[in-house]
Amino acid sequence: MTTHEVFNQVPPLVGYDTADDPALLDGLAREGAGWAAAELHELGRLGGAEPALEHGRLANEHPPVLRSHDRYGHRIDEVEFHPAWHELMRVAVEHGLHAAPWADDRPGAHVARAAKFYTWRPDAGHGCPISMAYAAVPALRHAPELAARYEPLLTARSYDFGLRPPLGKRGLLAGMSMTEKQGGSDVRANTTAAHPQPDGSYRLVGHKWFTSAPMCDVFLTLAQAPGGLTCFLVPRVLPDGTRNPIRLMRLKDKLGNRSNASAEIEYGQATAWRVGDEGRGVRTIVDMVNLTRLDCVIGAAAGMRQGVITAVHHATHRRAFDRYLVDQPLMRNVLADLAIESEAATVLMLRLAGATDRSARGDATETAFKRLALAVGKYWVCKRWPAHAAEALECLGGNGYVEESGLPRLFRESPLNSIWEGSGNVAALDVLRALVKEPQVIEAFQAELTAAAGADARLDAAAGRLRAELSDHADLELRGRRVAERLALVLQGALLVRHGHPAVADAFCASRLGGDHGTAYGTLPDGVDFSAIIARATPKIG
């Protein structure tokens with residue numbers, strides 16, 4: 001018996017190009033990677049197509065499973081993944097989202113990689129091993145002999161899953177294994193011991209509380225050697241084909257990021273090779289940490305983009321009270337506000353990617369700028385994503401609260417990037433450390449703001465207040481979050497005024513810098529060009 005007609009339901013958001021993002025494409029060209037636009041659109045069409053979106057859903061609905069023993073009782077310490085995960089990984093590696101830029105001499109290679117990482121987001125979880133592989137290379141270069149052997153495989157565009165000796169595979173993925181249960185971010189509290197061997201290797205004994213992507217081929221890990229905390233390369237399989245004694249104790253039951261396995265592990269005399277000098281572990285690993293922090297910013301910006309285009313798509317096709325939602329003034333205010341936040345995050349992440357690229361090529365000024373701006377961006381963009389995801393979900397009403405909409409998964413994912421690689425307080429303290437101990441970074445940061453001076457009075461006034469804030473060192477640690485926030489907002493404003501769409505830049509300066517804004521999203525002031533802003537966040541289907 002027919003009970004009702006189905007109507008006023010929103011069509012699926014599928015069959016679009018995730019790279020069709022004006023802020024992304026403008027920044028790609030501006031930061032020296034316009035040559036990558038064709039491949040970016042190819043990847044974007046894959047990312048917005050039904051097969052990739054379905055793979056993302058399946059990878060999360062069928063999370064990895066730990067197989068500690070085989071049927072005969074032999075210890076195997078393996079993690080089993082759904083085929084959808086492997087397909088997502090294959091596409092990511094073949095398009096060079098991992099360590100490929102380190103083997104690419106073209107200026108802008110790291111920008112192109114950042115744009116692709118932003119574009120390919122049918123599932124956030126598989127981005128974790130991709131990110132760690134990207135970040136491992138500069139840390140590994142502290143051991144030139146190891147880098148010479150492993151780097152060509154880490155940069156290879158071949159996804160070669162399976163437990164085999166690393167140097168016999170077509171391509172490798174690298175993970176990181178740092179924190180322990182008693183220390184967390186305080187890695188100097190680590191107790192894992194590294195015992196030197198006559199052949200130059202070490203044997204590790206201890207535990208790690210968080211080892212994400214434990215199916216990677218090699219791991220960079222920290223352990224206490226005789227000379228102090230040191231970085232080591234640890235393979236899962238030894239050159240002779242035997243398994244390194246790395247025991248997977250259990251997988252974490254996480255809020256989100258469920259397609260990715262995160263394990264508690266134990267080293268039982270695991271063979272390792274030193275990366276960098278003894279006692280220089282933090283200094284060695286910071287190269288890796290800074291790049292994974294960049295990916296935290298990219299991932300948060302990508303999540304915001306996904307949230308706002310989903311909300312705009314829904315509002316464009318859903319009617320309430322005889323009008324489409326997108327035509328109702330209050331909803332337009334919310335959608336525009338979400339779009340402004342998204343574009344500000346995207347412009348900042350591309351500037352950071354450009355600085356990373358030029359820093360890798362020896363630009364000292366860009367290195368100094370990146371030192372402070374990356375810590376600022378990691379703090380602020382990642383901190384803004386959860387509220388942004390919640391508001392995007394609310395735009396769909398009850399439909400947004402249902403798993404089939406995809407927004408609950410996005411919402412669960414949103415807190416992770418603020419936690420990974422140092423939570424909010426760690427990031428804010430890193431900002432203060434750079435300000436106090438590295439005066440050259442302030443000069444480089446200030447030069448970025450000076451380039452936008454005179455373009456907007458609200459930005460100029462905010463920059464003046466920021467200078468006054470930085471000149472006062474009293475209770476600086478207590479004010480750490482406020483300082484980081486103001487640095488981020490002024491930097492985003494400067495970038496938007498110089499490079500952004502005029503309507504977006506004007507609304508950002510009015511609401512984030514001029515003070516004419518409420519606390520919640522959707523409290524933009526009068527005079528904002530809502531139509532121009534929302535149009536930039538409207539996905540083009542077909």
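The values are calculated or read from the model by the stated rules, or taken from the named source; none is laboratory data. Here the structure is a predicted model, which means the values were calculated and not measured. Every residue, glycine among them, receives a Cβ derived from its backbone with ideal geometry; neighbour counts consider all protein chains shown.
Quick notes on this structure:
- Residue match in segment 286-294 (condition: in the same structural domain as Asn417 (by TED's automatic domain parsing), crowded, with 24+ Cβ neighbours inside 10 Å, closer than 30 Å to Gly518 by Cβ and in contact (Cβ under 8 Å) with a residue 60 or more places away in the chain): no
- Looking only at residues in segment 157-166 that are surrounded by 14 or more Cβ atoms within 10 Å (Cβ to Cβ) and touching a helix residue (DSSP H, G or I) at 6+ places or on another chain (Cβ under 8 Å), the one that is nearest to Met215 (Cα to Cα) is Phe161.
- In segment 42-65, the residues that are buried (at least 18 other Cβ atoms within 10 Å of the Cβ) reach residues that are outside any helix (DSSP H, G or I) and aromatic (Phe, Trp, Tyr) with C-beta atoms within less than 7 angstrom, at least six apart or across chains, in these pairs: Leu43/Trp120; Gly47/Trp120; Gly48/Tyr16; Pro64/Phe81.
- Residue list for segment 219-264, restricted to those being under 29 Å from the mean Cα position of the chain (by Cα), farther than 27 Å from Gly279 by Cβ and polar (S, T, N, Q): Asn257, Ser259, Asn260, Ser262
- Pick from segment 183-193, criterion not in a strand (DSSP E or B) and not polar (S, T, N, Q), ranking: nearest to Asp430 (Cα to Cα): Asp186
- Flag if Ala270 is touching a Leu at 6+ places or on another chain (Cβ under 7 Å), touching a residue at least 12 places away in the same chain (Cβ under 8 Å), surrounded by 21 or more Cβ atoms within 10 Å (Cβ to Cβ) and farther than 23 Å from His86 by Cα: yes
- Residue list for segment 165-182, filter: farther than 20 Å from Gly276 by Cβ and in a loop (DSSP other than H, G, I, E, B): Pro165, Lys169, Arg170, Gly171, Leu173, Lys181, Gln182
- Subset of segment 378-390 [among the charged types (D, E, K, R) and either within 13 Å of the chain's Cα centre (by Cα) or surrounded by fewer than 21 Cβ atoms within 10 Å (Cβ to Cβ) (or both)]: Lys378, Lys383
- Per the listing Ala29, Ala23, Ala52, Ala38, the residue uniquely farther than 27 Å from Ile534 by Cβ, part of a helix (DSSP H, G or I) and not polar (S, T, N, Q) is Ala38.
- Flag if Ala375 is out of contact with any Phe, Trp or Tyr (no Cβ under 8 Å at 6 or more places or on another chain) and either closer than 22 Å to Asp123 by Cβ or surrounded by fewer than 19 Cβ atoms within 10 Å (Cβ to Cβ) (or both): no
Here's the yes/no breakdown for (1) modelled with pLDDT of 95 or more; (2) assigned to a helix (DSSP H, G or I); (3) farther than 20 Å from Asp287 by Cβ:
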{"site": "His98", "(1), (2), (3)": "yes, no, no"}
{"site": "Pro101", "(1), (2), (3)": "yes, yes, no"}
{"site": "Arg106", "(1), (2), (3)": "yes, no, yes"}
{"site": "Ala112", "(1), (2), (3)": "yes, yes, yes"}
{"site": "Phe117", "(1), (2), (3)": "yes, yes, no"}
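- Listed conditions (1) closer than 20 Å to Glu78 by Cα; (2) within 23 Å of the chain's Cα centre (by Cα); (3) hydrophobic (A, V, I, L, M, F, W, C) are all met by Leu167, apart from (2).
- Check on Ala124, of a type in the set (Gly, Ala, Ser) and either under 23 Å from the mean Cα position of the chain (by Cα) or modelled with pLDDT under 95 (or both): yes
- Those helices (runs of 4 or more DSSP H) of segment 442-542 in which at least 3 residues are under 27 Å from the mean Cα position of the chain (by Cα) and either surrounded by 17 or more Cβ atoms within 10 Å (Cβ to Cβ) or at positive phi (or both), considering only elements entirely within it, cover 480-499, 502-508.
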